[in-house]
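Have a look at the structure below before the remarks.
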Amino acid sequence: MDEPDQRTSESETISRLCDALAEKATRDPGLPPPNPTVSSWQSVPHELANHQSASLQSKVEVAIIGSGITGISTAYHLLQEQPNLSVTVLEARCLTSGATGRNGGHCKEVPYVDYEGLKAIHGKEGARKIVQFRLSQLDAMFDVAKKLGSDVLASSMLRRVEGVDIYFDRKVFEQMKARLANWLEDFPEEKGRWLSFEGDDLDERFGAINAVGCMTGPAGALWPYRFVGGVTSFLSDRQRYPNFTLETNTPVESIATSAGSEHPFKIKTTHGEIDARNVIHCTNGHAGHLLPGLRGKLFPVRGQMTLQAPPPAFPRVGDKHSWLLHYAPGYDYMTQSPTASGELYLGGGLLTALLSGKVSVDDADVGNVRDDQQSEEALKTLETVMEERFRNGKGATVLNKWTGVMGFTIDGSPIVGKVPYSVSGRNPEIPSGGGGGEWVAAGFSGHGMAYCWLTGKAVAEMVLKGEESVGDWFPREQYACSEERLNRFGLREKLMEFLKTVA
């Protein structure tokens, strides 16, 4: 009777958490805290980390809020089409100080995990479009890194690796095997690239302790802060892009509209006001602050990260592998530096912390934007992962620890496109023929590096040519910021699913 009682207790705990967290997730996320924990990715600040003009431009064609990979990609793609376009990027803190500068260093898509769910929502063709879009990110990032030069490619450590997903729970592994088989039926061209392993030699083969199964597939890894910094430096060449500006430490306090104006959006910041024809929200977990209609549809989730020194016996394979460690419930994730020192970037512990019974709702990571604080219970898990899960992991030491804020949505897909009045609450009137509008690209649900670069390209095309102009390569309808989509699911229902399956 112990096992059923334990499952019932866990279910009741999750149910109570969902009731409380659903309310918390509808709150205004506010602005990012001014003094976040120090991410190891930002150990050497970029030369433009705290760049700010003497005064804001009075008017711009495009104002982008957020300087992570989505915001900088949007600026890049706008300026590839129109080099003289006036574009300003407004950042509340220093350059790339949000999720992009605080994540785990993966550019990894695991397409079979949610494919059946995507088919149920969007149909087979819609699900295929989403998966193909996510699988195309790594190639696109290599393309731009090569275009910008060998220095960007080298400093960002952008590389192709084998993603190693190690499973420690039999039931979870069997479920994922079935999902992989179903996905490969619809994607036969991917057979041979995504493999499943089980048997007595698993621990020896993958260096694990008590693994029940493993799956491998193509993945990428990088130093995200340096990648975005390299793109930002390229955009800051005034001879190439004379009307691009970067304004860090310039939080946006409010946005108002002026009917009939060619630049109808009046953006109030701590550094002054700026009028814009277009406003693009690339603020991920904080998007609900300036877009109140997204609260409860898109909610922040804090993640815990560590930098660890590996034991001498742990292999230095950061140029070959990255890892996901799947439990029941939850998972942890890890990349390794491709350098000889082989530092480990290890994050996770989210669901373990939530279900520990030791964390109050206010301190829980769901709905939490306090990246100026550690997630202490999650951190306890990460401090023991290497010793408990890897054969040569004993003796790993934590060198640094930090947190970051992700943006999750109720259906697990990002929200990208023009913002309706019901979401912004602002006067939607734009002069006839004047173009312009308010846009959003946020809610990447913990997998931003497998979405964001090409999302920026899509948003740029929408702004310059209209939403309908974007080609079939982008799942525009599936990601749309529409009332129909945002009201399709209930928050509590999706929180329950989130807590059970993706933490």
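Looking at segment 456-487, which of its residues are in contact (Cβ under 8 Å) with a residue 60 or more places away in the chain, surrounded by 13 or more Cβ atoms within 10 Å (Cβ to Cβ) and part of a loop (DSSP other than H, G, I, E, B)?
TRP473, PHE474, PRO475, ALA480, CYS481, SER482
List pairs: first residue in segment 209-234 and free of Cβ contacts under 8 Å to residues at least 24 places away in the same chain, second residue assigned to a strand (DSSP E or B) and among the polar types (S, T, N, Q) anywhere in the structure, Cβ distance under 7 angstrom, at least six positions apart or on different chains.
Once the first residue is free of Cβ contacts under 8 Å to residues at least 24 places away in the same chain and sits in segment 209-234, no partner that is assigned to a strand (DSSP E or B) and among the polar types (S, T, N, Q) comes close enough.
A quick yes/no check of all residues on (1) farther than 21 Å from ARG476 by Cα; (2) touching a residue at least 12 places away in the same chain (Cβ under 8 Å); (3) of a type in the set (S, T, N, Q):
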{"site": "GLU47", "(1), (2), (3)": "yes, yes, no"}
{"site": "LYS59", "(1), (2), (3)": "yes, yes, no"}
{"site": "TYR76", "(1), (2), (3)": "no, yes, no"}
{"site": "VAL89", "(1), (2), (3)": "yes, yes, no"}
{"site": "CYS94", "(1), (2), (3)": "yes, yes, no"}
{"site": "GLY104", "(1), (2), (3)": "yes, yes, no"}
{"site": "ASP139", "(1), (2), (3)": "no, no, no"}
{"site": "LYS147", "(1), (2), (3)": "yes, no, no"}
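How many residues does segment 385-435 hold that are at pLDDT 95 or above, closer than 29 Å to THR70 by Cβ and more than 28 Å from the chain's Cα centre (by Cα)?
0
I need a count of the residues in segment 224-271 that are out of contact with any Lys or Arg (no Cβ under 9 Å at 6 or more places or on another chain) and on the phi > 0 side of the Ramachandran plot.
Adding up the residues that qualify gives 1.
Which condition from (1) open to solvent by less than 10 Å² (accessible area, probe 1.4 Å); (2) in contact with a helix residue (DSSP H, G or I) (Cβ under 8 Å, 6 or more places away or on another chain) is the one that THR403 breaks?
THR403 satisfies every listed condition except (2).
Output the residues belonging to segment 184-211 that are farther than 21 Å from ARG170 by Cα and touching a Pro at 6+ places or on another chain (Cβ under 9 Å).
PHE187, GLU190, ARG193
For (1) surrounded by 17 or more Cβ atoms within 10 Å (Cβ to Cβ); (2) part of a strand (DSSP E or B); (3) modelled with pLDDT of 95 or more, each residue gets a yes or a no:
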{"position": "GLY229", "(1), (2), (3)": "yes, no, yes"}
{"position": "GLN239", "(1), (2), (3)": "no, no, yes"}
{"position": "THR250", "(1), (2), (3)": "yes, no, yes"}
{"position": "SER254", "(1), (2), (3)": "no, yes, yes"}
{"position": "ALA259", "(1), (2), (3)": "no, no, no"}
{"position": "LYS268", "(1), (2), (3)": "no, yes, yes"}
{"position": "GLU273", "(1), (2), (3)": "no, yes, yes"}
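For segment 171-187, indicate whether the set of residues that are among the small types (Gly, Ala, Ser), more than 27 Å from PHE244 (Cβ to Cβ) and free of Cβ contacts under 8 Å to residues at least 60 places away in the same chain is non-empty. Step through it out loud before you land on a result.
Step one: of segment 171-187, the residues among the small types (Gly, Ala, Ser) are 178, 181.
When the remaining residues are screened for being more than 27 Å from PHE244 (Cβ to Cβ), the result is 178, 181.
From the residues that got through so far, the ones that are free of Cβ contacts under 8 Å to residues at least 60 places away in the same chain too are 178, 181.
Yes - at least one qualifying residue is present in segment 171-187.
If a residue must be open to solvent by 30 Å² or more (accessible area, probe 1.4 Å) and modelled with pLDDT of 95 or more, how many such residues does segment 298-336 contain?
To start, the set of residues in segment 298-336 that are open to solvent by 30 Å² or more (accessible area, probe 1.4 Å) comprises 312-313, 315-316, 319-321, 327-329, 331, 333.
Checking which are modelled with pLDDT of 95 or more leaves us with 312-313, 315-316, 319-321, 333.
Residues in segment 298-336 being open to solvent by 30 Å² or more (accessible area, probe 1.4 Å) and modelled with pLDDT of 95 or more: 8 in total.
In segment 73-95, what residues are among the basic types (Lys, Arg) and open to solvent by less than 10 Å² (accessible area, probe 1.4 Å)? Quick ask: steps written out before the conclusion?
Here is the first cut: in segment 73-95, the residues among the basic types (Lys, Arg) are 93.
Selection gives nothing.
Restricting to segment 379-406, give me the number of residues that are polar (S, T, N, Q) and part of a helix (DSSP H, G or I). Lay out the reasoning, then the answer.
Applying the first criterion (polar (S, T, N, Q)) to segment 379-406 yields 381, 384, 392, 397, 400, 403.
Now restrict to residues that are part of a helix (DSSP H, G or I): 381.
Count: 1.
Confirm whether GLU438 is in a strand (DSSP E or B), crowded, with 21+ Cβ neighbours inside 10 Å and either acidic (Asp, Glu) or at pLDDT below 95 (or both).
It is true that GLU438 is in a strand (DSSP E or B), crowded, with 21+ Cβ neighbours inside 10 Å and either acidic (Asp, Glu) or at pLDDT below 95 (or both).
Which one is farthest from LEU202 (Cα to Cα), of the residues in segment 370-391 that are buried (at least 21 other Cβ atoms within 10 Å of the Cβ) and in contact with a Pro (Cβ under 8 Å, 6 or more places away or on another chain)? Working first, answer last.
So in segment 370-391, the residues buried (at least 21 other Cβ atoms within 10 Å of the Cβ) come out as 371, 375, 377-378, 381-382, 385-386, 390.
With in contact with a Pro (Cβ under 8 Å, 6 or more places away or on another chain) added as a condition, the list becomes 371, 386.
Values: ASP371: 37, MET386: 17 Å.
Ranking the candidates gives ASP371 first.
May I ask you to list the residues in segment 343-378 that are more than 20 Å from the chain's Cα centre (by Cα), at negative phi and assigned to a loop (DSSP other than H, G, I, E, B)? First the steps, then the outcome.
If we filter segment 343-378 for residues that are more than 20 Å from the chain's Cα centre (by Cα), which is where we start, we get 343, 352-363, 376-377.
Filter again for at negative phi, leaving 343, 352-356, 358-363, 376-377.
Hits for segment 343-378 are GLU343, LEU355, SER356, LYS358, VAL359, SER360, VAL361, ASP362, ASP363.
Name the residue, out of THR26, THR13, THR37, that is surrounded by 14 or more Cβ atoms within 10 Å (Cβ to Cβ) and either modelled with pLDDT of 95 or more or of a type in the set (Gly, Ala, Ser) (or both).
THR37
Just a yes or no: is a residue in segment 313-321 touching a residue at least 12 places away in the same chain (Cβ under 8 Å) and closer than 20 Å to THR70 by Cβ? Before you say what the answer is, go through the steps one by one.
So the first thing to find is which residues in segment 313-321 are touching a residue at least 12 places away in the same chain (Cβ under 8 Å), and the list is 313-321.
Those left that are additionally closer than 20 Å to THR70 by Cβ: none.
No.
Output the number of residues of segment 126-160 satisfying the condition of being open to solvent by 10 Å² or more (accessible area, probe 1.4 Å), out of contact with any Asp or Glu (no Cβ under 6 Å at 6 or more places or on another chain) and not charged (D, E, K, R).
The total comes to 14.
Quick one: which of THR339, THR352 is more than 19 Å from ASN400 (Cα to Cα) and open to solvent by 10 Å² or more (accessible area, probe 1.4 Å)? Talk me through it step by step, then tell me what you get.
Numbers: THR339 fails: more than 19 Å from ASN400 (Cα to Cα).
Step by step, each of THR339, THR352 is checked, and only THR352 is more than 19 Å from ASN400 (Cα to Cα) and open to solvent by 10 Å² or more (accessible area, probe 1.4 Å).
From GLY123, GLY98, grab the single residue that is among the small types (Gly, Ala, Ser), farther than 23 Å from GLY213 by Cβ and surrounded by 20 or more Cβ atoms within 10 Å (Cβ to Cβ).
Details: GLY123 fails: surrounded by 20 or more Cβ atoms within 10 Å (Cβ to Cβ).
One residue alone meets the criteria, GLY98.
Name the helices (runs of 4 or more DSSP H) wholly inside segment 64-171 in which the number of residues that are out of contact with any strand residue (DSSP E or B) (no Cβ under 9 Å at 6 or more places or on another chain) and closer than 18 Å to PRO224 by Cβ is 2 or more.
Details: elements: 69-81, 115-135, 137-148, 150-156.
Here the list reads 69-81, 137-148, 150-156.
The values are calculated or read from the model by the stated rules, or taken from the named source; none is laboratory data. Keep in mind it's a predicted model, so treat the numbers as computed, not measured. Ideal geometry is used to build each Cβ from the backbone, glycine not excepted, and the neighbour counts take in all protein chains shown. Surface areas here come from the heavy atoms of the whole protein model, side chains and all, with no ligands, DNA or RNA. Shrake-Rupley method; radii C 1.70, N 1.55, O 1.52, S 1.80 Å.
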